[in-house]
Amino acid sequence: MVLRLVAGWGSVGAFQLFGGGWLGDLSDPLMAGLLFAWLLGVIVWLAFGVVHEAEELAHMLGEPYGTLILTLSIVIIEVALIAAVMLSAQEAPTLGRDTMFAVLMIVLNGVVGLGLLLGGQRHHEQSHNLRGAAAYLSVIIPLTIIALVLPNFTTSTADGTLTVLQAGFFSLFTVALYGIFIMLQTGRHRGHFMDAEEVPEDIPPQPKGGAVLPHIGLLLANILPIVILAKSLAKVLDYGIAELGAPPALGGVLIAMVVFTPEGISALRAIAANQLTRAVNLCLGAATSTLGLTVPAVLVIGLLTGQRVVLGLEPANMVLLTTTLILAALTFSRPRTTTLEGAVHLTLFAVFLVLIFSP
């Protein structure tokens, strides 16, 4: 833990002192590659630290508070990375859309598919709390359609963009719906997000502040270096994608993978321990938080900076997204899951990967 923080804050200090010179000329491929590997490695390492501290808080606070802290922490990192790229010199109108779409595909198809496949092999069938999954999906589906599909069909603008009025009100509606969901998740419907055999107490556990505060401090100590280093990573990422001639969507995929790999591993561990409800909370909670917080953040950044923000997906990706939402609704509408659902989700994830390089 100490070594991780030393590496994180040491990297912050190094880039504050020498980053201008290092990032000012990235024409040397070796230097650019080393900087990318350094920044990526440190950020992923710190992200694992965020997951560790959030899991410690989860044990102290109980569900769904621990999962909520983890997903919110991860989304903060996601927004920081997207904002860093959007505010860099290179305009990236589709980055927010590509990142959100990649998060949904990675979480709903990649992690869920691999988890259900491995969980089915180990435990044959696994059960989860149907009410919690239904609550997540009832928020994910409309927010996804509003953010990533509807902009293609509005007539006030073209190319999947929104007017200032639409962006303002859609952001407000999104935040309001997400806020209502969080209040219900942590309040009267807290039991919907716990294992069926667990009985939520009327009064949530109240650990001593002295026990919780150190972990909150360590959580912030792991998050802040990521936020600070995000701008440097964005510059190297922009340069690398441009030099390699890679698809622009690859930037969003890389951000999504950097941010959600630790949380995905946490979800897979929960499935291996036959804690499918916790895994569902992590996966569907990540999708919900991404839509509920990243969409407004991207739109606000676009409005404040005057940048063009494209949210509407391309036709092929809209088909893939719609299929994913239908499949997720079917998968989590049944009380028990098997390897079959995992195999189908992984198939859709493979299609997503192919479409990145061959749209």
Exception for residue 169 within (1) surrounded by 15 or more Cβ atoms within 10 Å (Cβ to Cβ); (2) on the phi < 0 side of the Ramachandran plot falls at (1)
Name the residues in segment 172-193 that are outside any helix (DSSP H, G or I) and either crowded, with 19+ Cβ neighbours inside 10 Å or of a type outside the set (Gly, Ala, Ser) (or both), would you?
188, 189
Taking the conditions exactly as written (more than 22 Å from the chain's Cα centre (by Cα) and hydroxyl-bearing (Ser, Thr, Tyr)), does residue 73 satisfy them or not?
no
Quick check on segment 240-247. Is at least one of its residues at pLDDT below 90 and under 18 Å from the mean Cα position of the chain (by Cα)?
no
Could you grab the pairs with beta carbons closer than 7 Å, sequence gap of 6+ or different chains, first residue in segment 120-143 and within 15 Å of residue 334 (Cα to Cα), second one aromatic (Phe, Trp, Tyr) and outside any helix (DSSP H, G or I)?
133/332; 137/332
Can residue 42 be described as within 16 Å of the chain's Cα centre (by Cα), among the aliphatic types (A, V, I, L, M) and surrounded by 19 or more Cβ atoms within 10 Å (Cβ to Cβ)?
no
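Per-residue answers, yes or no, for (1) in a helix (DSSP H, G or I); (2) surrounded by 22 or more Cβ atoms within 10 Å (Cβ to Cβ); (3) hydrophobic (A, V, I, L, M, F, W, C):
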{"residue": "26", "(1), (2), (3)": "no, no, yes"}
{"residue": "36", "(1), (2), (3)": "yes, no, yes"}
{"residue": "55", "(1), (2), (3)": "yes, no, no"}
{"residue": "77", "(1), (2), (3)": "yes, yes, yes"}
{"residue": "92", "(1), (2), (3)": "no, yes, yes"}
{"residue": "99", "(1), (2), (3)": "yes, yes, no"}
{"residue": "104", "(1), (2), (3)": "yes, yes, yes"}
Find all pairs meeting these conditions: Cβ atoms under 8 angstrom apart; at least six residues apart or on different chains; first residue within segment 239-260 and without any contact (Cβ under 8 Å) to a residue 24 or more places away in the chain and over 10 Å from residue 99 (Cβ atoms); second residue part of a helix (DSSP H, G or I) and not aromatic (Phe, Trp, Tyr).
241/250; 241/251; 246/240
Based on this model, can you work out whether residue 150 counts as at pLDDT below 90 and either of a type in the set (A, V, I, L, M, F, W, C) or part of a loop (DSSP other than H, G, I, E, B) (or both)?
no
Would you call residue 300 modelled with pLDDT of 95 or more, within 26 Å of residue 92 (Cα to Cα) and surrounded by fewer than 21 Cβ atoms within 10 Å (Cβ to Cβ)?
no
Checking residue 287 against (1) at pLDDT 95 or above; (2) under 16 Å from the mean Cα position of the chain (by Cα), which test does it fail?
(1)
Pairs only if they're at least six apart or on different chains, beta carbon under 6 angstrom, first in segment 33-46 and over 12 Å from residue 23 (Cα atoms) and at pLDDT below 90, second surrounded by fewer than 22 Cβ atoms within 10 Å (Cβ to Cβ) and of a type in the set (Lys, Arg); list them, first residue then second.
45/4
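Yes or no, residue by residue, for (1) touching a Lys or Arg at 6+ places or on another chain (Cβ under 9 Å); (2) under 30 Å from residue 26 (Cβ atoms); (3) in a helix (DSSP H, G or I):
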| site | (1), (2), (3) |
| --- | --- |
| 233 | no, yes, yes |
| 239 | no, yes, yes |
| 246 | no, yes, no |
| 261 | no, yes, yes |
| 268 | no, no, yes |
With closer than 13 Å to residue 263 by Cα, of a type outside the set (Asp, Glu) and at pLDDT below 85 as the only criterion, which of 84, 54 stands out?
54
Can residue 232 be described as more than 24 Å from residue 54 (Cβ to Cβ), surrounded by 14 or more Cβ atoms within 10 Å (Cβ to Cβ) and modelled with pLDDT of 80 or more?
yes
Can you name the residue in segment 20-30 that is more than 13 Å from residue 237 (Cα to Cα) and not small (Gly, Ala, Ser) and is also modelled with the lowest pLDDT among such residues?
25
Name the residue that is surrounded by the most Cβ atoms within 10 Å (Cβ to Cβ), counting only residues in segment 341-351 that are aliphatic (A, V, I, L, M) and touching a residue at least 40 places away in the same chain (Cβ under 8 Å).
348
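The values are calculated or read from the model by the stated rules, or taken from the named source; none is laboratory data. No experiment lies behind these values; they were computed from the predicted model shown. Using ideal geometry, Cβ is built from the backbone for each residue, glycine included, and neighbour counts are taken over all protein chains shown.
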